[in-house]
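Below: one structure, written as structure tokens.
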Amino acid sequence: MTDQHPITPPTELVHEWTAAACEEDENTWNYFATWAAQWGADQELEACCEWLEQKGFAFVDELRAARRPKPPSLAEEALETLKYPKDLWSEAEVDTIRRALEALPE
């Protein structure tokens, strides 16, 4: 391709995705599509944030945080689970609490 779209992934990134997808047992093309969509969306978000910064908007970090929230930490997940009566905890929630406690330094 000589006339690439601005969010065309670099060749080395495509090779990285290919290597990772080939290690997976499930639908390889699903992984490719997901990675490509995420990468393209990240490129678009960063381009928009850059444009907003150039225009002097002050809320760029808030936009980025809202559109790419970080997953809760293990401790945050465990604390959230503890808000509910323990007879309502699922096995997965109990496992989250166990893993959080095991991760604490002794």
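Kindly evaluate Ala58 against the criterion of being at pLDDT 90 or above, in a loop (DSSP other than H, G, I, E, B) and of a type in the set (A, V, I, L, M). Break it down into steps so the answer makes sense when it comes.
Values: at pLDDT 90 or above: yes; in a loop (DSSP other than H, G, I, E, B): yes; of a type in the set (A, V, I, L, M): yes.
Yes, satisfied.
Spot the failing condition for Leu79; the list is (1) assigned by TED's automatic domain parsing to the domain that holds Trp39; (2) not in a loop (DSSP other than H, G, I, E, B), and only one is missed.
Tallying (1) assigned by TED's automatic domain parsing to the domain that holds Trp39; (2) not in a loop (DSSP other than H, G, I, E, B), Leu79 fails exactly one: (1).
Please determine, by comparing only the residues of segment 66-78 that are surrounded by 11 or more Cβ atoms within 10 Å (Cβ to Cβ) and out of contact with any helix residue (DSSP H, G or I) (no Cβ under 8 Å at 6 or more places or on another chain), which one is farthest from Glu93 (Cα to Cα).
Initial filter on segment 66-78 (surrounded by 11 or more Cβ atoms within 10 Å (Cβ to Cβ)): 67-68, 72-78.
Cutting the leftovers down to out of contact with any helix residue (DSSP H, G or I) (no Cβ under 8 Å at 6 or more places or on another chain) gives us 73, 76.
On the way: Ser73: 14, Glu76: 12 Å.
It comes out as Ser73.
Got at least one residue in segment 35-42 being in a loop (DSSP other than H, G, I, E, B), surrounded by fewer than 11 Cβ atoms within 10 Å (Cβ to Cβ) and under 21 Å from the mean Cα position of the chain (by Cα)?
Let us first name the residues in segment 35-42 that are in a loop (DSSP other than H, G, I, E, B), namely none.
So far as segment 35-42 goes, no, none of its residues is in a loop (DSSP other than H, G, I, E, B), surrounded by fewer than 11 Cβ atoms within 10 Å (Cβ to Cβ) and under 21 Å from the mean Cα position of the chain (by Cα).
Which one is nearest to the chain's Cα centre (by Cα), of the residues in segment 76-96 that are modelled with pLDDT of 85 or more and hydrophobic (A, V, I, L, M, F, W, C)?
Among those residues, the one meeting the criterion is Ala92.
Being of a type in the set (Ser, Thr, Tyr) and under 21 Å from Leu45 (Cβ atoms) is the filter here, so list the residues in segment 58-106 that pass it. Explain how you work it out, then say what you get.
Quick first cut of segment 58-106, residues of a type in the set (Ser, Thr, Tyr) only: 73, 81, 84, 90, 96.
None - no residue of segment 58-106 is of a type in the set (Ser, Thr, Tyr) and under 21 Å from Leu45 (Cβ atoms), so the list stays empty.
Return the pair list, or none, for Cβ contacts closer than 8 Å from residues in segment 31-56 that are over 18 Å from Pro9 (Cα atoms) to residues that are not in a helix (DSSP H, G or I), at least 6 apart or on different chains.
Correct list of pairs: Leu52/Phe59.
The values are calculated or read from the model by the stated rules, or taken from the named source; none is laboratory data. As the structure is a prediction and not an experimental result, all values here were calculated from the model. With ideal geometry, Cβ positions are generated from the backbone for all residues, glycine too; neighbour counts draw on all protein chains shown.
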